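Beneath this line is the structure, given in structure tokens, with notes to follow.
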Amino acid sequence: MKASLLALSLAVLTPTGLSAGAPAHDLYAAVAMTKAQKNSSTPADSGLYVRPAGTMQWEHFGPRVLGITSVAFQPGSDGQVVLIASADGVVRSTDGGKTWRLTTGWEVIDVRAFAFNPGNANEVYAATAWGPLRSTNGGATWSLAQAGLYLLYGQTLVADAQTPGRVLLGTEDGIYQSTDGAKTWARTDSPPATALRMVQSVTKPNLILAGTQGRGAWLSHDAGRSWSQTDPGSAAANLYAATIDPHDADRLAVGGWGAGVRVSADGGATWTDRSAGLPVKNVFVLTFDPDVKGRLWVSTFEEGAFYSDDLGLAWQDGGLYGAYGFDFVFVPASR
């Protein structure tokens with residue numbers, strides 16, 4: 001549910017990409033068009049969509065494969081190396097999406113998210129339903145990275161922007177950390193619940209927000225080493241979405257099934273339900289826009305994407321009607 005580089009949320013964002021002016025990022029959406037599911041051998045209307053910077057239209061992007069949950073562009077590759085997380089494994093392109101190749105074997109399924117080591121763009125980590133993976137060649141090949149884990153299932157991970165090689169992984173047993181590039185893991189002071197989405201602040205990287213299954217939202221102020229619960233109004237909810245405004249770390253948002261969109265403008269001290277104006281309160285994806293200050297995007301279950309420029313007081317149609325969303329990922333458009 002973000003992310004997270006891909007922790008997305010797996011968005012490729014840097015502080016220098018937050019300047020005002022012309023839109024600098026394309027918005028990618030990983031979705032399944034479940035409202036009007038077409039019975040066909042290939043998912044003609046699901047997968048990845050992109051909304052190019054400065055436009056209002058969504059275009060299909062990438063291969064027609066089932067169960068796409070996220071996408072990541074390798075930093076420094078000028079948009080040429082692209083990784084797709086899918087139900088069948090990791091799908092990779094080295095030519096900007098013209099051609100694709102599966103880079104995992106039959107034993108790897110249900111890949112959920114990616115995170116690149118900020119100190120070495122060839123090192124990338126993946127969260128999967130069968131345990132984390134690591135690659136040292138930009139996703140061309142992968143190895144298991146499970147040492148120290150009690151339960152393997154993972155949906156979200158964050159590569160610490162401050163400490164290359166330090167990784168946080170959300171599992172069914174809580175949040176684990178690695179300090180050696182995902183080779184070994186140790187549990188953090190986190191709730192013993194499935195972490196569904198984690199995201200690290202761009203401007204205050206010690207701040208990390210997590211949404212969990214049945215235990216609501218949790219905050220860390222020390223880069224994920226310790227955690228405390230926030231937002232009593234969603235304390236028992238399944239929160240699939242979590243995001244932190246890249247312009248203002250005090251602006252947070254979480255969302256989930258039946259929980260709608262809940263926002264905080266004071267760093268998590270107080271929270272408000274901002275679901276009014278949305279067609280349903282079933283939310284799987286949230287992200288703040290790096291180009292439009294204060295703009296919050298949401299993907300509702302099968303009722304489309306919406307965005308708000310006033311922290312959810314009013315919502316506008318963002319397209320993708322009928323979609324079950326898995327991730328929003330902003331990627332620099334200068335490719």
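Table for the structure above
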quantity: Coil-residue trypsin sites (Lys or Arg not before Pro) of the stretch 153-220, DSSP, other Cβ within 10 Å capped at 15; calculated: LYS183
quantity: Order of ILE109, ILE208 - criterion: other Cβ atoms within 10 Å of each residue's Cβ, fewest first; calculated: ILE109, ILE208
quantity: Charge-dipole axis of the chain as Lys and Arg at +1 and Asp and Glu at -1 on Cβ define it, positive-most pick from ILE68, ASN238, LEU296; calculated: ILE68
quantity: Residue exposure sequence - HIS247, HIS221, HIS60 - by fewest surrounding Cβ within 10 Å; calculated: HIS60, HIS221, HIS247
quantity: 11 Å beta-carbon shell around GLY260, net charge (K/R +1, D/E -1); calculated: +2
quantity: Full-stretch length increase - ASP317, ASP95 - with 0.36 nm per residue and alpha-carbon distance subtracted; calculated: 76.6 nm
quantity: Reachable aspartates and glutamates, given that their alpha-carbon falls under 15 Å from the alpha-carbon of LYS98 and they are not under 8 places away in the same chain; calculated: GLU59, ASP78
quantity: Net charge, SER178 excluded, C-beta distance under 14 Å - Lys, Arg +1, Asp, Glu -1; calculated: +2
quantity: Neighbour-count ranking [beta-carbon atoms within 10 angstrom, fewest first] of VAL261, VAL202; calculated: VAL202, VAL261
quantity: Inter-label distance, nm, simple model (7 Å from Cα along the C-beta direction), GLN146/THR203; calculated: 4.2 nm
quantity: Label-point gap, in nm, between GLN162 and VAL280 - each point 7 angstrom along Cα→Cβ; calculated: 3.9 nm
quantity: Length released on extending from ALA121 to HIS221, taking residue separation times 0.36 nm less the Cα-Cα span; calculated: 33.4 nm
quantity: Principal axes of the stretch 237-335: Cα extent on each, largest first, Å; calculated: 39, 29, 23
quantity: Inter-probe distance in nm under a simple model that places probes 7 Å from Cα toward Cβ, at THR55 and GLU303; calculated: 2.8 nm
quantity: Whether the chain is rounded, prolate or oblate, judged on the alpha carbon gyration tensor where a/c under 1.5 counts as rounded; calculated: rounded
quantity: Length released on extending from THR136 to TRP106, taking residue separation times 0.36 nm less the Cα-Cα span; calculated: 8.8 nm
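Laboratory data are not the source of any read-out in this text; all were calculated from the coordinates shown. All values reported here derive from a predicted model rather than from experimental measurement. Backbone-built Cβ (ideal geometry, glycine too); neighbour counts: all protein chains shown.
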